[in-house]
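The values are calculated or read from the model by the stated rules, or taken from the named source; none is laboratory data. Note that this is a predicted model, so its numbers are computed, not measured. Reconstructed Cβ throughout: ideal geometry from the backbone, glycine too, with neighbour counts over all protein chains shown. Ligands, DNA and RNA are stripped out before the accessible areas are found, and what is left, the full protein with its side chains, is counted by its heavy atoms. Shrake-Rupley method; radii C 1.70, N 1.55, O 1.52, S 1.80 Å.
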Amino acid sequence: MSDPARIIWLASYPKSGNTWMRILLTNYKRDEAAPVDINALSGGPIASARSLFDEMIGFEASDLTDRHIELLRPVAYRRFNAELEDKQFLKVHDAWTLGPEGAPLFPADVTAGVVYIMRNPLDVALSAANHWGVSVDQSIANLGQSDYTMSGSVQRLKNQLTQILLSWSDHVISWVDHSGLPVLVVRYEDMQQDATAVLRQVVAPADWPVDDARLAKAVAFSAFDKLQEQEDANGFREAPMAAERFFRKGISGDWRKQLTAGKIATVIAQHGQVMRRFGYLDANDNPILTTMKMRVAN
(Lines give C-alpha, C1' and ligand atoms only; values in the text may rest on other atoms or scores of the structure.)
Protein backbone atom coordinates (compact mmCIF):
# COMPACT_ATOMS: atom_id res chain seq x y z
CA MET A 1 0.00 0.00 0.00
CA SER A 2 1.46 3.34 -1.04
CA ASP A 3 1.78 6.32 1.26
CA PRO A 4 -0.78 9.12 0.86
CA ALA A 5 0.38 12.16 -1.07
CA ARG A 6 1.55 14.81 1.37
CA ILE A 7 3.78 17.19 -0.64
CA ILE A 8 2.34 20.50 -1.82
CA TRP A 9 4.83 22.00 -4.27
CA LEU A 10 5.39 25.76 -3.91
CA ALA A 11 6.55 26.22 -7.48
CA SER A 12 7.82 29.41 -9.08
CA TYR A 13 10.40 30.88 -11.37
CA PRO A 14 13.10 32.52 -9.19
CA LYS A 15 12.29 35.96 -7.70
CA SER A 16 8.55 35.57 -8.04
CA GLY A 17 7.51 35.62 -4.38
CA ASN A 18 8.15 32.04 -3.26
CA THR A 19 10.13 33.03 -0.16
CA TRP A 20 7.53 35.59 0.87
CA MET A 21 4.85 32.91 0.55
CA ARG A 22 6.87 30.55 2.74
CA ILE A 23 7.19 33.28 5.38
CA LEU A 24 3.44 33.91 5.27
CA LEU A 25 2.76 30.19 5.64
CA THR A 26 5.26 29.79 8.48
CA ASN A 27 3.79 32.73 10.39
CA TYR A 28 0.32 31.29 9.89
CA LYS A 29 1.23 27.73 10.84
CA ARG A 30 3.16 28.61 13.99
CA ASP A 31 0.76 31.36 15.10
CA GLU A 32 3.28 32.85 17.53
CA ALA A 33 3.32 36.16 19.40
CA ALA A 34 6.16 37.57 17.27
CA PRO A 35 7.26 37.23 13.63
CA VAL A 36 9.05 33.99 12.81
CA ASP A 37 12.81 33.96 12.22
CA ILE A 38 13.35 34.17 8.47
CA ASN A 39 16.31 31.82 8.92
CA ALA A 40 14.12 29.12 10.46
CA LEU A 41 11.18 28.71 8.08
CA SER A 42 8.89 25.71 8.05
CA GLY A 43 8.83 23.26 5.17
CA GLY A 44 12.40 22.06 4.97
CA PRO A 45 14.90 22.90 2.24
CA ILE A 46 14.19 23.66 -1.40
CA ALA A 47 13.36 20.55 -3.41
CA SER A 48 16.67 20.85 -5.25
CA ALA A 49 18.73 20.93 -2.04
CA ARG A 50 21.75 18.64 -2.21
CA SER A 51 21.30 17.86 1.50
CA LEU A 52 17.74 16.58 0.95
CA PHE A 53 18.82 14.38 -1.94
CA ASP A 54 21.82 12.96 -0.08
CA GLU A 55 19.77 12.16 3.02
CA MET A 56 16.90 10.50 1.14
CA ILE A 57 19.05 8.52 -1.29
CA GLY A 58 21.72 7.54 1.22
CA PHE A 59 24.80 8.63 -0.69
CA GLU A 60 26.17 11.88 -2.03
CA ALA A 61 25.08 13.52 -5.24
CA SER A 62 28.72 14.45 -5.85
CA ASP A 63 29.34 10.78 -6.73
CA LEU A 64 26.72 10.85 -9.49
CA THR A 65 26.23 12.39 -12.92
CA ASP A 66 23.39 14.83 -13.55
CA ARG A 67 21.58 12.06 -15.46
CA HIS A 68 21.71 9.71 -12.49
CA ILE A 69 20.62 12.49 -10.14
CA GLU A 70 17.60 13.21 -12.32
CA LEU A 71 16.70 9.52 -12.31
CA LEU A 72 16.89 9.40 -8.52
CA ARG A 73 15.19 12.67 -7.61
CA PRO A 74 11.67 11.13 -7.86
CA VAL A 75 12.89 8.35 -5.56
CA ALA A 76 14.11 10.96 -3.07
CA TYR A 77 10.72 12.71 -3.10
CA ARG A 78 8.86 9.44 -2.54
CA ARG A 79 11.06 8.68 0.45
CA PHE A 80 10.63 12.22 1.75
CA ASN A 81 6.86 11.93 1.37
CA ALA A 82 6.88 8.62 3.26
CA GLU A 83 8.54 10.30 6.25
CA LEU A 84 5.95 13.07 6.49
CA GLU A 85 3.13 12.80 8.99
CA ASP A 86 1.12 15.70 7.59
CA LYS A 87 0.91 17.63 4.35
CA GLN A 88 3.90 19.90 3.80
CA PHE A 89 4.72 22.73 1.42
CA LEU A 90 8.04 22.29 -0.41
CA LYS A 91 9.67 25.10 -2.40
CA VAL A 92 10.76 24.31 -5.95
CA HIS A 93 12.22 26.43 -8.73
CA ASP A 94 12.62 23.65 -11.31
CA ALA A 95 10.27 23.60 -14.25
CA TRP A 96 8.01 20.56 -14.38
CA THR A 97 9.90 18.19 -16.67
CA LEU A 98 10.35 14.52 -17.45
CA GLY A 99 13.53 12.72 -16.44
CA PRO A 100 15.88 10.77 -18.73
CA GLU A 101 13.55 7.75 -18.85
CA GLY A 102 10.35 9.72 -19.29
CA ALA A 103 9.16 9.76 -15.67
CA PRO A 104 8.05 13.07 -14.12
CA LEU A 105 10.68 14.69 -11.92
CA PHE A 106 7.89 15.50 -9.45
CA PRO A 107 5.74 12.38 -9.10
CA ALA A 108 1.97 12.67 -9.06
CA ASP A 109 1.69 9.94 -6.42
CA VAL A 110 3.34 12.15 -3.77
CA THR A 111 1.67 15.40 -4.87
CA ALA A 112 -1.17 16.68 -2.70
CA GLY A 113 -1.28 19.89 -4.71
CA VAL A 114 0.70 22.65 -6.43
CA VAL A 115 0.71 26.35 -5.66
CA TYR A 116 2.26 28.11 -8.65
CA ILE A 117 3.44 31.62 -7.81
CA MET A 118 3.77 33.93 -10.80
CA ARG A 119 5.17 37.42 -11.20
CA ASN A 120 5.27 39.85 -14.11
CA PRO A 121 8.41 38.88 -16.07
CA LEU A 122 9.25 42.57 -16.52
CA ASP A 123 9.77 42.80 -12.76
CA VAL A 124 11.31 39.32 -12.55
CA ALA A 125 13.99 40.42 -15.03
CA LEU A 126 15.03 43.28 -12.75
CA SER A 127 14.91 41.31 -9.51
CA ALA A 128 16.68 38.30 -10.98
CA ALA A 129 19.49 40.49 -12.35
CA ASN A 130 20.26 41.62 -8.81
CA HIS A 131 19.82 38.10 -7.44
CA TRP A 132 22.11 36.50 -10.01
CA GLY A 133 24.61 39.34 -10.08
CA VAL A 134 24.24 39.88 -13.85
CA SER A 135 23.19 42.74 -16.10
CA VAL A 136 19.53 43.32 -16.87
CA ASP A 137 20.23 42.40 -20.49
CA GLN A 138 21.67 39.08 -19.38
CA SER A 139 18.74 38.48 -17.03
CA ILE A 140 16.28 39.10 -19.88
CA ALA A 141 18.28 36.71 -22.04
CA ASN A 142 18.11 34.06 -19.30
CA LEU A 143 14.33 34.43 -19.04
CA GLY A 144 14.05 33.86 -22.77
CA GLN A 145 16.40 30.88 -22.99
CA SER A 146 14.43 27.69 -23.70
CA ASP A 147 17.01 25.39 -22.09
CA TYR A 148 18.14 27.61 -19.21
CA THR A 149 19.43 25.80 -16.13
CA MET A 150 20.40 27.18 -12.74
CA SER A 151 22.89 26.24 -10.05
CA GLY A 152 24.30 22.80 -9.70
CA SER A 153 27.74 21.43 -10.37
CA VAL A 154 29.03 18.20 -8.90
CA GLN A 155 32.54 19.56 -9.28
CA ARG A 156 31.91 22.80 -7.36
CA LEU A 157 29.64 21.10 -4.81
CA LYS A 158 27.08 23.87 -4.66
CA ASN A 159 24.35 23.38 -2.08
CA GLN A 160 21.73 22.87 -4.79
CA LEU A 161 21.43 20.39 -7.61
CA THR A 162 21.09 21.50 -11.22
CA GLN A 163 17.63 22.92 -11.87
CA ILE A 164 16.14 23.02 -15.35
CA LEU A 165 14.18 26.28 -15.54
CA LEU A 166 13.51 26.52 -19.28
CA SER A 167 12.33 29.98 -20.36
CA TRP A 168 10.02 32.00 -18.11
CA SER A 169 7.05 31.21 -20.36
CA ASP A 170 7.91 27.52 -20.62
CA HIS A 171 8.34 27.34 -16.84
CA VAL A 172 4.80 28.66 -16.34
CA ILE A 173 3.29 26.36 -18.95
CA SER A 174 5.18 23.31 -17.68
CA TRP A 175 3.47 23.45 -14.29
CA VAL A 176 0.11 24.93 -15.24
CA ASP A 177 -0.62 23.00 -18.46
CA HIS A 178 1.77 20.06 -18.80
CA SER A 179 2.05 18.62 -15.30
CA GLY A 180 -1.48 17.27 -15.11
CA LEU A 181 -1.39 18.13 -11.40
CA PRO A 182 -3.98 20.17 -9.47
CA VAL A 183 -2.49 23.67 -9.66
CA LEU A 184 -3.57 26.82 -7.84
CA VAL A 185 -2.09 29.83 -9.68
CA VAL A 186 -1.47 32.97 -7.64
CA ARG A 187 0.18 36.15 -8.79
CA TYR A 188 2.73 38.11 -6.79
CA GLU A 189 0.86 41.28 -7.64
CA ASP A 190 -2.33 39.90 -6.09
CA MET A 191 -0.38 38.85 -3.00
CA GLN A 192 0.69 42.47 -2.62
CA GLN A 193 -2.81 43.82 -3.07
CA ASP A 194 -4.57 41.34 -0.77
CA ALA A 195 -2.18 38.90 0.87
CA THR A 196 -4.90 37.77 3.27
CA ALA A 197 -7.18 36.58 0.47
CA VAL A 198 -4.32 34.78 -1.28
CA LEU A 199 -3.11 33.12 1.91
CA ARG A 200 -6.64 31.94 2.68
CA GLN A 201 -6.68 30.08 -0.64
CA VAL A 202 -3.17 28.68 -0.28
CA VAL A 203 -3.65 27.10 3.15
CA ALA A 204 -6.71 25.16 1.97
CA PRO A 205 -4.80 22.27 0.29
CA ALA A 206 -2.87 21.70 3.54
CA ASP A 207 -6.10 21.14 5.49
CA TRP A 208 -5.09 23.78 8.03
CA PRO A 209 -7.88 25.49 9.98
CA VAL A 210 -8.77 28.88 8.51
CA ASP A 211 -9.02 31.71 11.03
CA ASP A 212 -9.44 35.37 10.10
CA ALA A 213 -7.48 36.79 13.03
CA ARG A 214 -4.68 34.35 12.45
CA LEU A 215 -4.55 35.25 8.76
CA ALA A 216 -4.35 38.96 9.56
CA LYS A 217 -1.55 38.42 12.06
CA ALA A 218 0.45 36.26 9.65
CA VAL A 219 0.20 38.95 6.97
CA ALA A 220 1.21 41.71 9.40
CA PHE A 221 4.18 39.67 10.65
CA SER A 222 5.29 39.06 7.04
CA ALA A 223 5.33 42.72 6.00
CA PHE A 224 8.28 43.58 3.78
CA ASP A 225 9.75 46.16 6.16
CA LYS A 226 9.85 43.54 8.92
CA LEU A 227 11.67 41.12 6.61
CA GLN A 228 14.21 43.81 5.72
CA GLU A 229 14.75 44.55 9.41
CA GLN A 230 15.48 40.90 10.11
CA GLU A 231 17.85 40.62 7.16
CA ASP A 232 19.68 43.80 8.22
CA ALA A 233 20.04 42.49 11.77
CA ASN A 234 20.88 38.83 11.17
CA GLY A 235 21.34 38.29 7.45
CA PHE A 236 19.39 35.77 5.40
CA ARG A 237 21.01 32.41 4.83
CA GLU A 238 19.21 31.88 1.50
CA ALA A 239 20.56 35.09 -0.04
CA PRO A 240 23.05 34.43 -2.85
CA MET A 241 26.56 35.79 -2.54
CA ALA A 242 26.08 37.82 -5.74
CA ALA A 243 23.21 39.87 -4.28
CA GLU A 244 23.69 42.82 -1.95
CA ARG A 245 20.50 41.81 -0.16
CA PHE A 246 17.62 39.38 -0.70
CA PHE A 247 14.66 41.52 0.40
CA ARG A 248 15.51 44.38 -1.92
CA LYS A 249 12.37 46.32 -2.87
CA GLY A 250 9.38 44.02 -2.85
CA ILE A 251 7.33 46.19 -5.19
CA SER A 252 5.50 45.70 -8.46
CA GLY A 253 5.89 47.88 -11.51
CA ASP A 254 9.49 48.91 -10.90
CA TRP A 255 10.12 48.02 -14.53
CA ARG A 256 8.27 51.22 -15.53
CA LYS A 257 11.18 53.27 -14.17
CA GLN A 258 14.05 50.87 -14.74
CA LEU A 259 13.54 49.26 -18.15
CA THR A 260 14.00 51.00 -21.47
CA ALA A 261 11.36 50.72 -24.18
CA GLY A 262 13.64 48.35 -26.06
CA LYS A 263 14.05 46.00 -23.09
CA ILE A 264 10.30 46.02 -22.45
CA ALA A 265 9.68 45.17 -26.09
CA THR A 266 12.14 42.28 -25.90
CA VAL A 267 10.39 40.74 -22.89
CA ILE A 268 6.98 41.13 -24.53
CA ALA A 269 8.25 39.58 -27.76
CA GLN A 270 9.52 36.57 -25.81
CA HIS A 271 6.62 36.09 -23.42
CA GLY A 272 3.65 38.01 -24.79
CA GLN A 273 1.35 35.01 -25.14
CA VAL A 274 1.71 33.91 -21.51
CA MET A 275 1.73 37.50 -20.22
CA ARG A 276 -1.54 38.17 -22.01
CA ARG A 277 -3.11 34.98 -20.69
CA PHE A 278 -2.34 35.87 -17.07
CA GLY A 279 -3.28 39.53 -17.15
CA TYR A 280 0.04 41.30 -17.68
CA LEU A 281 -0.83 42.67 -21.15
CA ASP A 282 -3.96 44.27 -22.54
CA ALA A 283 -5.55 43.38 -25.87
CA ASN A 284 -3.06 45.65 -27.66
CA ASP A 285 -0.07 44.06 -25.89
CA ASN A 286 0.51 47.06 -23.66
CA PRO A 287 1.81 46.17 -20.17
CA ILE A 288 -0.77 46.56 -17.41
CA LEU A 289 -1.07 45.96 -13.69
CA THR A 290 -4.46 44.55 -12.90
CA THR A 291 -5.89 42.27 -10.26
CA MET A 292 -6.89 38.85 -11.48
CA LYS A 293 -8.66 36.21 -9.44
CA MET A 294 -6.67 33.15 -8.49
CA ARG A 295 -7.37 30.19 -10.70
CA VAL A 296 -7.12 26.44 -10.44
CA ALA A 297 -5.73 24.48 -13.37
CA ASN A 298 -6.84 20.94 -14.06
| query | Hey, among the residues in segment 107-136 that are in a strand (DSSP E or B) and open to solvent by 10 Å² or more (accessible area, probe 1.4 Å), which one's farthest from residue 174 (Cα to Cα)? | reply | 112
| Restricting attention to segment 233-244, does a residue exist that is over 19 Å from the mean Cα position of the chain (by Cα), at pLDDT below 95, part of a helix (DSSP H, G or I) and within 30 Å of residue 36 (Cα to Cα)? | yes
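For every residue, the table says whether it meets (1) modelled with pLDDT of 85 or more; (2) part of a loop (DSSP other than H, G, I, E, B); (3) in contact with a strand residue (DSSP E or B) (Cβ under 9 Å, 6 or more places away or on another chain); (4) among the acidic types (Asp, Glu).
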position	(1), (2), (3), (4)
185	yes, no, yes, no
210	yes, yes, no, no
217	yes, no, no, no
229	no, no, no, yes
250	no, yes, no, no
265	yes, no, no, no
269	yes, no, no, no
276	yes, no, no, no
285	yes, yes, no, yes
| field | Residue satisfying all of: in segment 48-106; out of contact with any Asp or Glu (no Cβ under 9 Å at 6 or more places or on another chain) and β-branched (Val, Ile, Thr); most open to solvent (accessible area, probe 1.4 Å) among these | value | 65
| request: Would you confirm whether any residue within segment 157-166 is surrounded by fewer than 21 Cβ atoms within 10 Å (Cβ to Cβ), over 13 Å from the mean Cα position of the chain (by Cα), among the charged types (D, E, K, R) and under 18 Å from residue 46 (Cβ atoms)? | output: yes
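The rows are residues; the columns are (1) of a type in the set (Ser, Thr, Tyr); (2) touching a residue at least 12 places away in the same chain (Cβ under 8 Å).
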| position | (1), (2) |
| --- | --- |
| 177 | no, yes |
| 183 | no, yes |
| 190 | no, yes |
| 195 | no, yes |
| 203 | no, yes |
| 206 | no, yes |
| 209 | no, no |
| 222 | yes, yes |
| Of 190, 170, which residue is open to solvent by 50 Å² or more (accessible area, probe 1.4 Å), closer than 18 Å to residue 274 by Cβ and not in a strand (DSSP E or B)? | 170
| query | Within segment 137-152, is even one residue assigned to a loop (DSSP other than H, G, I, E, B) and under 21 Å from residue 62 (Cα atoms)? | reply | yes
